[in-house]
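Here is the structure we will look at, set down as C-alpha cells.
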C-alpha cells in the first residue's frame, strides 16, 4: 500500500516555564531528520533518527540533559516498536549512553527480549558495540541543582518521542526519557512499556508523555491506537481524558494512523511538537 510519508515528534508535555523556543526548534530539527530518513528508509529509521536528535538536545528530558534520580544519577528509558512486524525493544534504568534509543533498537533487532534494564542493559549495549558515556558529558548543572533544591517545572523539557508512517504504509513509534527528577532509583514509568507509553501496529502509532504511572495503568498508547479510526484527534483527546479521570494523570500524546491522519493532544499547559510530511516544510506548535 502506497502512503504519503509523515513524521510527528514531541518534546514533552509540561509547564515549560523557561519557554518553548528551544523545544520547538528541537522538534522541527527532529521532524526534518525523520523525514530525511524516510526518503531512503523505513518508519523505524525515521523515528530513530528523530529521537536521536531529541536525545542530543539538552533542553529536553532524554539523553543529554535528562533529569537525575535522588542519588544524582542518570537512569535512561527508551522504547521502539515496529508496527509492520509487531517487534519491539526497550531499555530502562540504563546508565549514561548518548543514545538510549539506539540501544533499544538493538534489543529489538536482537529479538530475544523486549526489555532489558540497569546493569543488564548496559552490559548488552557494550557487547553490541555501544560505548558508555562519561556521566559529566550528559549531566547538566541545572539538573544537579534540581535535586539539591527541587523546583518542579523550572527546566524545560519532558519525555520525547516520534511516530512515523512510511511510503509503504509501515508505522513505527519511539519514546525516550530520563524519567522524573529526584525519583527513587529503579523507578520505571510508561515510556519503555509497550502499550503504556509506546505502541505501533498496522493501524497506528503512538508516543506518550506525562505522568508515567497513570499512562502505564491506562495502557494509553495501545488504547488510543485501537480507537483512532478516522478521527485520531478525537481519539487522542478521549485517551487523555481517560488517563486523567480514571487514573489521575496528565500529559500528552502524538498519534498517526495508516491513512496518514495525525492526532496531537495534551492535558498540560504546553507540548512542543512538529509534523513533517513528504515535500512540505515541518510545521510546529505547542
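All of the numbers you see were taken from the coordinates with simple rules; none came from a lab. The shown structure was predicted, so the numbers you read here are calculated from the model rather than taken from an experiment. A quick note on method: Cβ atoms are made from the backbone with ideal geometry, for glycine too, and the neighbour counts reach across all protein chains shown.
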Checklist outcome for this item: Stretched fully, the stretch from residue 128 through residue 283 gains (0.36 nm per residue minus C-alpha distance, one decimal, in nm) 52.2 nm
Item to check | Efficiency of FRET from Cβ geometry, residue 109 and residue 39, R₀ 25 Å, rounded to 0.05 | outcome: 0.70
Checklist entry - If you build a Gaussian network model of the chain, linking Cα atoms that sit under 10 Å apart, which residue out of 235, 78, 172 swings the most? => result 235
Next on the checklist: Ranking request for peptides 271-282, 185-196, 102-113: highest mean number of other beta-carbon atoms within 10 Å first, then the rest in descending order.
Outcome noted: 185-196, 271-282, 102-113
Next on the checklist: Rounded, prolate or oblate for segment 112-254? Axes are the square roots of the Cα gyration tensor eigenvalues, ordered a ≥ b ≥ c, and the cut-off for rounded is a/c under 1.5.
Outcome noted: oblate
Checklist entry - Most exposed first by the Cβ proxy, i.e. fewest other Cβ within 10 Å, how do 147, 44 rank? => result 147, 44
Checklist entry - In percent, what relative contact order does the chain have, based on Cα pairs under 8 Å that are 6 or more apart in sequence? => result 26
Item to check | Most mobile listed residue (88, 207, 70) in the chain, GNM with C-alpha springs under 10 Å | outcome: 70
